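For reference, the structure discussed in these notes is given below.
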Amino acid sequence: AVPLASIAKTCEFLVTVIDDRPQYAHTARFPTADGVVAGPFRQTLVDLRRGKETFDNDTYVVLVTRGHQHDIDCLLELLDDPLAYLGMIGSRRRIRAVFELLEMEQEIPASKFDRVRAPIGIDIGAITPAEIAVCIMAEIICILREGPLPGLSEQIQQERIERRKRAQASVGERGDR
């Protein structure tokens with residue numbers, strides 16, 4: 001998160017960092033951020049809204065949490081917002097597990113996840129945290145500037161849409177019997 005916050009600020013974005021661990025959420029660690037908040041993810045998002053923070057089509061949100069439950073908490077709070085960008089870091093397996101859990105336990109339609117860019121970033125073979133931050137910001141800038149998205153997440157999005165079409169077709173075939 002540190003390189004991402006720094007690069008985002010360099011690109012002139014307003015940057016707010018949320019972490020539920022006070023030992024990580026402090027301005028000494030994120031000196032360029034406009035805001036650093038320590039608190040439970042979901043409650044902090046609710047509190048930010050209550051404080052007149054808006055999450056709208058000019059808002060870009062990157063979920064870089066350390067676990068499934070934190071991703072779930074954030075997604076539950078953000079999925080219905082008209083965000084310009086909602087991205088989530090993680091392996092395909094982790095992302096699939098989070099989405100399936102939300103579908104089953106929260107009855108969230110699979111189509112809601114189409115707008116979540118995951119895994120995030122343009123695939124340039126990045127390895128280090130700074131390189132990954134560049135990939136993420138490149139994808140965000142492509143969306144901001146309405147440029148072409150050669151990223152990995154576009155491929156993932158297409159695969160999800162195709163998988164859903166196949167599943168719907170197979171349900172339709174079973175219903176015809």
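Rule-based calculations on the coordinates, nothing more; no lab input. The shown structure was predicted, so the numbers you read here are calculated from the model rather than taken from an experiment. When we count neighbours, we look across all protein chains shown, and the Cβ atoms used for this are built from the backbone with ideal geometry, even at glycine.
Amide H neighbours of I18 under 5 Å, at least 5 residues apart or on other chains, H built in the peptide plane: list them.
When sequence neighbours closer than 5 places are left aside, the close amide H contacts are V37.
Can you give me the relative contact order of region 11-130 as a percent, contacts being Cα pairs under 8 Å and 6 or more apart? Intermediate results must be reported in sequence, preceding the final value.
Values: 140 pairs, mean separation 22.2, N = 120.
Averaging sequence separation for qualifying contacts and normalising by length gives 18 percent for region 11-130.
Can you work out ³J(HN,Hα) from phi for every residue in region 99-113, in order, using Karplus 6.51 cos²θ - 1.76 cosθ + 1.60 and θ = phi - 60°, giving whole Hz and x for Gly and Pro?
Each residue of region 99-113 in turn: 5, 5, 4, 5, 5, 6, 7, 10, 6, 7, x, 4, 4, 5, 7 Hz.
Can you tell me how much longer the chain between I127 and Q106 gets when fully stretched, taken as 0.36 nm per residue apart minus their C-alpha distance, in nm with one decimal?
On the way: separation 21, 0.36 × 21 = 7.56 nm, distance 3.41 nm.
Full-extension gain reported as 4.2 nm.
Tell me the label only: which of (i) 33, 20, 12; (ii) 30, 19, 14; (iii) 51, 20, 10 is semi-axes √(5λ) of the Cα gyration tensor in Å as calculated from this structure?
Correct label is (ii).
Counting Lys and Arg as +1 and Asp and Glu as -1, each charge on the Cβ, what is the dipole of the chain about the Cα centre in debye, to the nearest 20? Don't skip to the end; give the middle numbers.
Values: 23 positive and 27 negative charges, 83 e Å.
For the chain, the charge dipole is close to 400 debye.
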